[in-house]
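Student: Structure provided below as structure tokens; questions to follow.
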Amino acid sequence: MGKFKSIKLLIILAIFMVFVAACSSNEGASGDGDKKKDDKDIQVVFIPKMTGNAFFESGNDGAQEMAKKVGFKVKYDGAPEGTVANQVQIINSAVNSGADAIAISSVSSDGLNQALKKALDAGIKVVTWDSDVDPKFRSVYVNQGTPEILGEMLVEMAAEQMDNPDDAKKIAWFYSSPTVPDQNSWVEYANKYIKEKYPKWEIVTTQFGDANEQKSLQVGESILDSYPDVDAIICPDSTALPAMAQAAENKGLNAEDVIITGFASPNSMRQFIENGTIKNHGLWDVKDQGALAVYTAYWLAKGNDLKVGDSIDVPDMGSVKLEANSIQGYDYTADDSGIMVLPERIVFTKDNTNDYNF
Amino acid sequence: MSRITNIIKLREFRTFIFLILLFVVVGFINSDYLSLQNIDKSLKSSLLYIVLAVGMTFVLLTGNLDISVGGTLGLSAAVSGTILRDGGSVFTAAIAAILIGVVIGLINGFGVIKLKISSFIMTLAILSITRVVQVIYTDGKWVENIPANIKELSNIDIFGINVLTFIVIVGVVFVQVYLSKSRKGRYYNAIGDNVDGAISLGIPVNRYIAYSFVISGICASLAGLIFVSQIGFVSTNAGAGIELTVIAACVLGGVSLVGGIGTVVGAALGAIILTSINSALVYMKVPAFWNDTISGSLLIIIVVVDALLAFNTNKKAKKLRLNARVLQKEA
């Protein structure tokens with residue numbers, strides 16, 4: 001009797017599931033059906049790695065301003081925790097709700113492939129910003145800088161603080177995790193750059209803080225203790241850099257004792273620049289990046305064709321060119337898939353840090 | 001003499017030996033790791049986890065779980081962080097944080113006792129809710145620019161020992177004495193060991209389960225205060241995933257997941273081991289790519305070895321007991 005009951009339940013459940021699945025796929029189709037919308041009704045879903053982080057919030061500010069100016073809709077959709085599962089869910093719900101384009105900062109270089117393929121199949125334009133996915137699964141990557149540009153920037157921010165950068169120096173890398181695509185690619189190129197330009201430098205260690213504050217602080221302190229003669233610690237991660245600076249401050253070290261630099265938002269580092277723990281750090285104007293990402297997504301969703309080598313006119317930013325994927329080191333070279341490089345980046349020092357608020 | 005063998009048999013003692021082993025082995029590879037300074041630092045890094053583990057132990061002892069600690073930590077860190085950032089006193093910030101802990105503990109307790117929701121589901125739900133409340137409260141922003149004098153609070157040393165560390169250690173000892181020596185303290189073990197038994201003994205079971213959640217809430221909010229002063233910025237996902245680490249620390253320290261068995265000293269030792277592994281891996285200068293794998297494997301090794309040791313001692317104890325019975329009959 002009990003067995004029968006559970007089998008019955010299972011069958012009902014299965015029917016229900018099929019029903020739900022059918023419903024949702026219908027919905028997707030109907031979203032596709034009424035094509036040729038008004039430009040004003042075009043909806044771009046803007047997806048950060050995680051919500052709540054000043055960096056991504058600021059990107060959203062730029063995205064919203066651009067949407068207001070040009071006249072289209074941007075929906076900001078993310079989860080406080082940046083995981084593949086969360087992002088897949090958000091992409092799926094964008095597909096189901098009939099969005100026209102998504103602009104996403106990916107937490108994984110290939111974890112989103114299936115979800116993005118579904119979106120592309122449903123006719124949704126996919127743009128990535130800040131952190132890329134496999135180029136097969138998106139049209140444009142709005143890049144803060146190629147690994148060449150950013151890797152060199154990281155190395156030079158450290159080198160310019162040294163009296164004799166050509167001497168033998170000990171360098172440590174400290175960022176979020178060995179799987180995060182953007183940070184990894186910068187560090188990889190930076191290491192190549194160091195070999196060519198500063199061959200006497202030695203990379204003593206590469207550590208990861210998992211974007212977890214407590215762990216980052218602890219690992220930061222351990223780096224200072226295990227490598228007391230390290231000359232520079234470079235942290236291209238928004239959690240690792242403030243935690244590293246805090247670790248140095250706890251030990252009473254300042255910029256004269258050990259060079260700490262990297263990428264983080266000026267708000268999180270201002271205190272450390274003002275009290276002399278660090279001298280400089282860098283980032284790009286993420287508002288511009290968010291704005292460019294949603295504008296490109298909107299432009300594609302309008303039905304425009306964009307080929308490698310073409311340029312588009314972006315309000316307030318001028319003409320931005322679509323470069324080939326190869327500038328990021330990709331092999332994939334379809335002519336409707338490429339990279340837009342953000343026109344400029346910023347090095348924050350005591351002199352300019354108060355000009356920015358993000 | 002028998003007192004010494006009793007100590008050796010203690011579960012906590014084995015955890016302690018593991019901790020010593022960890023330090024000695026890593027110390028062989030990099031002698032800096034054995035320095036007093038590093039031991040002080042390791043303790044300091046694990047304070048947050050120790051405090052959380054103490055609260056969690058209370059809940060685990062009664063046979064429940066508290067998944068919401070990370071949310072409580074994040075929310076109270078965000079609230080006290082904003083108060084401090086906007087120039088409020090440490091006192092106000094601490095009161096606000098503790099209030100949050102108490103309220104969340106009461107809600108958890110209410111759900112588990114009155115609504116009869118399993119503690120796992122109840123606290124999991126509260127975890128999600130507190131996370132969202134935190135995002136709403138902070139307007140989705142990190143709490144940054146916490147005054148330097150607050151950050152210095154966690155760095156005051158007396159005779160080379162961190163004051164905060166000292167306070168926490170003393171606190172753990174006090175709680176341990178309360179749990180094992182006082183009548184009411186033993187209620188927690190009794191409830192988790194055998195609820196029906198506890199009821200028939202006249203223990204107000206529900207009230208003590210509620211207490212355990214409130215204690216866990218307060219501990220989590222105290223951990224939030226430590227978070228603010230040690231780290232100096234609070235992200236919107238501060239403390240994400242911390243509940244798993246804390247539960248693992250408790251289990252590592254011999255606290256049973258089904259209730260009734262365990263001590264806060266053990267849980268605290270477990271917390272120190274778990275956090276020390278992170279810095280140990282940096283000191284051992286292994287490529288950091290492997291860190292998660294290594295720390296996971298170490299966990300398994302420690303728990304398995306400990307289970308084997310426990311199995312052996314239990315067998316011996318059983319034999320002793322059986323022999324004793326036989327002797328009694330003869331007499």
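The values are calculated or read from the model by the stated rules, or taken from the named source; none is laboratory data. Computed from a predicted structure; not experimentally measured. Ideal geometry is used to build each Cβ from the backbone, glycine not excepted, and the neighbour counts take in all protein chains shown. Surface accessibility is based on the protein's heavy atoms, side chains included, excluding ligands, DNA and RNA. Shrake-Rupley method; radii C 1.70, N 1.55, O 1.52, S 1.80 Å.
Student: In whole percent, how big is the carbon plus sulfur part of the accessible area of the protein assembly as shown, probe 1.4 Å, protein atoms only?
Tutor: 61
Student: Would you mind listing how long segment B:67-184 runs along its three principal axes, going by Cα atoms, in whole Å with the largest first?
Tutor: Extents along the principal axes: 48, 46, 19 Å.
Student: Right, here's the next one. Over segment B:182-284, how many percent of alpha carbon pairs lie in each 5 Å bin up to the one with the longest distance?
Tutor: Bins of 5 Å from zero give 2, 11, 15, 21, 19, 13, 9, 6, 3, 1, 0 percent of pairs.
Student: What FRET efficiency do you get for residue A:324 and residue B:207 if R0 is 56 Å and r is their Cβ-Cβ distance, rounded to the nearest 0.05?
Tutor: With a Förster radius of 56 Å, E is 0.20.
Student: Tell me the mean residue ellipticity at 222 nm calculated for chain A from its helices only (DSSP H runs of n ≥ 4, each -39500 (n - 2.57), averaged over every residue, nearest 500).
Tutor: Estimated from H runs of four or more residues: -14000 deg cm²/dmol.
Student: Under the definition of partner shielding as Cβ atoms of other protein chains within 10 Å of a residue Cβ, what is the mean value for peptide A:262-274?
Tutor: 2
Student: What is the list of residues in segment B:276-318 whose amide nitrogen lies under 12 Å from a point 7 angstrom out from the Cα of residue B:244, following Cα to Cβ?
Tutor: Residues passing the 12 Å test: B:296.
Student: Between residue A:345 and residue A:12, what is the spin-label point distance in nm, taking each point 7 Å from the Cα along the Cα→C-beta axis?
Tutor: 6.0
Student: Next question. Counting just the Cα atoms, what span does segment B:197-252 cover along each of its three principal axes? Round to the nearest Å and put the largest first.
Tutor: Over segment B:197-252, Cα extents along the principal axes are 49, 22, 17 Å.
Student: Also, quick follow-up: Quote the FRET efficiency, to the nearest 0.05, computed for residue B:35 versus residue B:186 with a Förster distance R0 of 45 Å and r equal to the Cβ-Cβ distance.
Tutor: Once rounded, the FRET efficiency stands at 0.70.
Student: Here's another thing I want to ask about it. I'd like to know how segment B:242-297 sits against the 2.2 N^0.38 Å rule of thumb: what's its Cα Rg over that expected value?
Tutor: Cα-based Rg divided by the globular estimate yields 1.26.
Student: Please average, across the residues of B:276-284, the number of beta carbons from any other chain that are within 10 Å of each residue's own beta carbon, and give a whole number.
Tutor: The mean count of partner-chain Cβ atoms within 10 Å per residue comes to 5.
Student: When ranked by the protection proxy of mean other Cβ atoms within 10 Å per residue, highest first, what sequence do the peptides A:179-186, B:72-79 form?
Tutor: Descending mean neighbour count gives B:72-79, A:179-186.
Student: For the pairing of chain B with chain A, what total accessible surface becomes buried, with a 1.4 angstrom probe, in square angstrom to the nearest 100?
Tutor: Buried: approximately 3300 Å² between A and B.
Student: So, one more: Sort the following peptides by mean Cβ neighbour count (other Cβ atoms within 10 Å, averaged over residues), highest first: A:281-294, B:153-166, A:78-91.
Tutor: Taking the mean over residues of other Cβ atoms within 10 Å, the ranking is A:281-294, A:78-91, B:153-166.
Student: Largest first and in whole Å, give the semi-axes of segment B:18-60's equivalent ellipsoid, each being the square root of 5 times a Cα gyration tensor eigenvalue.
Tutor: 26, 12, 5
Student: Starting from the amide H of residue A:75, placed 1.01 Å from N in the peptide plane, find each other amide H under 5 Å away whose residue is 5 or more places distant or on another chain.
Tutor: Sorted by chain and number, the residues that satisfy this are A:44, A:45, A:46.
Student: Report the Stokes-Einstein translational diffusion coefficient (µm² s⁻¹, integer) for segment B:230-331, Rh taken as the Kirkwood radius over Cα pairs, at 20 °C with viscosity 1.002 mPa s.
Tutor: Once the numbers are plugged in, D ends up at 129 µm²/s.
Student: Name the aspartates and glutamates eligible as straight-distance cross-link partners of residue A:200: C-alpha to C-alpha under 19 Å, and not fewer than 8 places from it in the same chain.
Tutor: A:152, A:156, A:160, A:163, A:166, A:167, A:188, A:229, A:231
Student: Taking a quarter of the surface of the convex hull around the Cα atoms of segment B:118-210, what do you get in nm²?
Tutor: Average projection, Cα convex hull of segment B:118-210: 9.8 nm².
Student: Still on this structure, I have one more. If the reach is capped at under 24 angstrom between alpha carbons, list the lysines near residue B:319, excluding any in the same chain fewer than eight residues apart.
Tutor: B:9, B:329
Student: For segment A:229-358, what log10 I(q)/I(0) values come out of the Debye formula at q = 0.13 1/Å, with one point per alpha carbon and no solvent?
Tutor: Debye output, listed in q order: -0.68.
Student: Would you mind pulling out the separation of the Cα centroids of segment B:237-276 and segment A:247-321, in Å?
Tutor: Here the two parts' Cα centres lie 39 Å apart.
Student: Still on this structure: Based on the inverse mean of 1/r over its pairs of different Cα atoms, what is the Kirkwood hydrodynamic radius of segment A:109-208, in Å?
Tutor: Hydrodynamic radius (Kirkwood, Cα only) of segment A:109-208 equals 15.4 Å.
Student: With r as the distance between the Cβ atoms of residue B:145 and residue A:162 and R0 = 35 Å, compute the FRET efficiency 1/(1 + (r/R0)^6) and round to 0.05.
Tutor: Result of the calculation: an efficiency of 0.75.
Student: Which of the peptides A:234-246, B:272-284 is most tightly packed, and how do the rest follow, judged by the mean count of other Cβ atoms within 10 Å per residue?
Tutor: Order by mean packing, descending: A:234-246, B:272-284.
Student: May I ask for the equivalent-ellipsoid semi-axes of segment B:1-125, computed as the square root of five times each C-alpha gyration tensor eigenvalue and listed largest first in whole Å?
Tutor: 34, 25, 12
Student: Next question. If you put +1 on each Lys and Arg Cβ and -1 on each Asp and Glu Cβ, how big is the dipole of chain A around its Cα centre, in Debye rounded to 20?
Tutor: Here the size comes out at about 1680 debye.
Student: With unit charges on the beta carbon (Lys/Arg positive, Asp/Glu negative), name the residue among B:149, B:51, B:130 whose Cα is farthest towards the positive pole of the charge dipole of the protein assembly as shown.
Tutor: B:51
Student: Sticking with this one: Starting from the exponent 0.38 and prefactor 2.2 Å, build the expected Rg for the protein assembly as shown from its residue count and divide its actual Cα Rg by it.
Tutor: 1.06
Student: Taking just the C-alpha trace of chain A, give me its Rg and Dmax in Å.
Tutor: Rg and Dmax of chain A, Cα atoms, are 22.8, 84 Å.
Student: Let me ask you something else. Specify the angular offset, from 0 to 90 degrees and rounded to the nearest 10, of the alpha carbon long axis of helix A:213-226 from the longest principal axis of the alpha carbons in chain A.
Tutor: Taking Cα atoms only, the helix is inclined about 30 degrees.
Student: Using only the Cα atoms of chain B, build the gyration tensor, take square roots of its eigenvalues as a ≥ b ≥ c, and label the shape rounded, prolate or oblate: rounded if a/c is under 1.5, else prolate if a/b is larger than b/c, else oblate.
Tutor: oblate
Student: On a straight-distance basis, which lysines could pair with residue A:195 in a cross-link, Cα separation under 23 angstrom, same-chain partners fewer than 8 positions away excluded?
Tutor: Straight-distance partners of residue A:195: A:169, A:170, B:285.
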